[in-house]
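Worksheet: the structure to be examined is printed underneath.
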Amino acid sequence: MSAPLLRVKDLTRLYGARVGCRDVSFDLWPGEVMGIVGESGSGKTTLLSCLSARLEPTAGSVQYDVRGQGLTDIYIMGEPRRRMLMRTDWGIVHQNPRDGLRMGVSAGANVGERLMAVGARHYGDIRARADEWLGKVEIESERLDDLPLTFSGGMLQRLQIARNLVTHPRLVFMDEPTGGLDVSVQARLLDLLRRLVTDLNLAAIIVTHDLAVARLLAHRLMVMKNGEVVESGLTDQVLDDPHHPYTQLLVSSVLMP
Amino acid sequence: MTAMIRVETLSKTYVLHTQGGVSIPVFADADLEVAGGECVTLHGPSGSGKSTLLRCLYGNCKPDAGAIRVRHDGAEVDIAAADPRDVLAVRKHTMGYVSQFLRAIPRVPALDVVAEPLRAVGVPAETARGRAAELLARLRIPERLWALAPATFSGGEQQRVNIARGFAAGHPILLLDEPTASLDARNRAVVIELIEEAKAAGTALVGVFHDDEVREAVSTRIFSMLG
């Protein structure tokens, strides 16, 4: 492993005079999970959108290790290739699963659609793979033909994860994947994510404001405040020995149950 | 014998920004070398920085100055300056840590919690579970608990699961943060045995032991911290 999967340099996104995020630089390596933490409005989601080719940055670059080509700037490569990347090598898990799913087609079709986008055509195979993936995210086979409308919040989120991972992406972006779920449902989802990320050797960038989620899933952390990265490092080091005043405040503000 | 750990002029001060920016100096210019087969005990009064030094060695605490050179994969890695992924590689293959407290993960059974460090370095599931079972049995965790997640175990049981996990992979370096605190005499004796076996196998150990009996039994050298 001589090259990073993602190389981000001096990434800046301004909204007029206001700063979304500023001067963010880092390398992400294959299999590495990075958490981005910070309060609402700190620029986490803006940064995630810029990284995942959904929001053009004002300055700076995002380079991705395209198979067979090496590091390539994702905003220079052109729309068709960028779309292909998002359909095959990447996954995007939205906070609200309704944003990442098609609510009008069956659970199986939601998973199968990603496979068809990368060329699968055999109906029986697609159905079998979709069924297999529902199993991996602990959704019973008998729900394969049901509409997502009939699913609970936790099931929807698991379905969205299956839809994203079925094509074996190398990099997954997640925005508050456990936000808005009951704690018992969260624990199940976290355990599932932790296992899938390890088994598939996925690289992931996870935005969360929940430090416990970050500790469980992320190898390393970036702490953001007012659009800038104020501290970064190994997850347990940042949380157990925070240096920046803002990180210290964040860590000391968590209530213990 | 080659040193497994070389600590050079290490300094650490905590600065508490949320409490008026108070500075708490912990230690300064600490030097320490540990070779394989040794068990070095950090000794000193409460607050002298024993746990902080141990946590610095593991990369959990960030020192202000100095180096922590750890022998890993035929070279030296400076834990104080390494990238997160390099520190994680050192932890996976070279350096284990046993604390008093288990950070339980929901839904993962005790047997897998203990087997996990072996699975992480590619040991087949059955072999890893076999080794885990052997350690849990030695530490007297009843077999009926092995398939359960340790979140519901008693404090003492969780601690012993954590000890089993720490010793499972047989890392060349092992850091022990009061592993025997609050254990009964029989379990304490098992931990002493495990430490002796690790020493005999050439492991470099660094530990903090509150218990005089354990400290005297296992230490090959005392590193005094004055505070």
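Assorted remarks:
- Residue in region A:76-83 that is in contact with a helix residue (DSSP H, G or I) (Cβ under 7 Å, 6 or more places away or on another chain), surrounded by fewer than 17 Cβ atoms within 10 Å (Cβ to Cβ), assigned to a helix (DSSP H, G or I) and not hydrophobic (A, V, I, L, M, F, W, C) present: no
- So B:ARG69, is it out of contact with any Ser or Thr (no Cβ under 9 Å at 6 or more places or on another chain), within 11 Å of chain A (Cβ to nearest Cβ) and not aliphatic (A, V, I, L, M): no
- Subset of region A:228-241 [at the interface with another protein chain (Cβ under 9 Å from one of its Cβ atoms) and not in a helix (DSSP H, G or I)]: A:SER232, A:GLY233, A:LEU234, A:ASP241
- Meeting the requirement of 1 or more residues that are in contact with a Cys (Cβ under 8 Å, 6 or more places away or on another chain) and crowded, with 18+ Cβ neighbours inside 10 Å, the strands (runs of 3 or more DSSP E) wholly within region B:1-99 are B:3-16, B:65-72.
- Flag for A:THR150 being within 30 Å of A:TYR123 (Cα to Cα), hydroxyl-bearing (Ser, Thr, Tyr) and surrounded by fewer than 17 Cβ atoms within 10 Å (Cβ to Cβ): yes
- Filtered residues of region B:169-205 (kept if assigned to a strand (DSSP E or B) and among the polar types (S, T, N, Q)): none
- When B:LEU148 is tested against the conditions (1) outside the structural domain of B:SER48 (by TED's automatic domain parsing); (2) closer than 19 Å to B:VAL34 by Cα, the lone failure is (2).
- Selection of region B:28-61 for residues being within 14 Å of another protein chain (Cβ to nearest Cβ) and not polar (S, T, N, Q) yields B:GLY49, B:LEU53, B:LEU54, B:ARG55, B:CYS56, B:LEU57, B:TYR58, B:GLY59, B:CYS61.
- Each residue in region A:114-168 was checked for being more than 16 Å from the chain's Cα centre (by Cα) and at positive phi, and 2 pass.
- Some residue of region B:152-166 being assigned to a strand (DSSP E or B) and in contact (Cβ under 8 Å) with a residue 12 or more places away in the chain: no
- Any hit, region B:134-152, residues being buried (at least 21 other Cβ atoms within 10 Å of the Cβ) and small (Gly, Ala, Ser): no
- B:GLY122 falls short on exactly one of the conditions (1) away from chain A (no Cβ under 13 Å); (2) of a type outside the set (Val, Ile, Thr); (3) at positive phi, and that condition is (1).
- Check on A:SER40, farther than 19 Å from A:ASP10 by Cα and of a type in the set (Ser, Thr, Tyr): yes
- Residue in region B:19-34 that is within 18 Å of A:LEU239 (Cβ to Cβ) and either of a type in the set (A, V, I, L, M) or not assigned by TED's automatic domain parsing to the domain that holds B:ALA200 (or both) present: no
- Test: B:GLY66 is at positive phi and touching a residue at least 12 places away in the same chain (Cβ under 8 Å): yes
The values are calculated or read from the model by the stated rules, or taken from the named source; none is laboratory data. Here the structure is a predicted model, which is why all the values come from computation and not from measurement. No Cβ is skipped: glycine too gets one built from the backbone with ideal geometry, and neighbour counts run over all protein chains shown.
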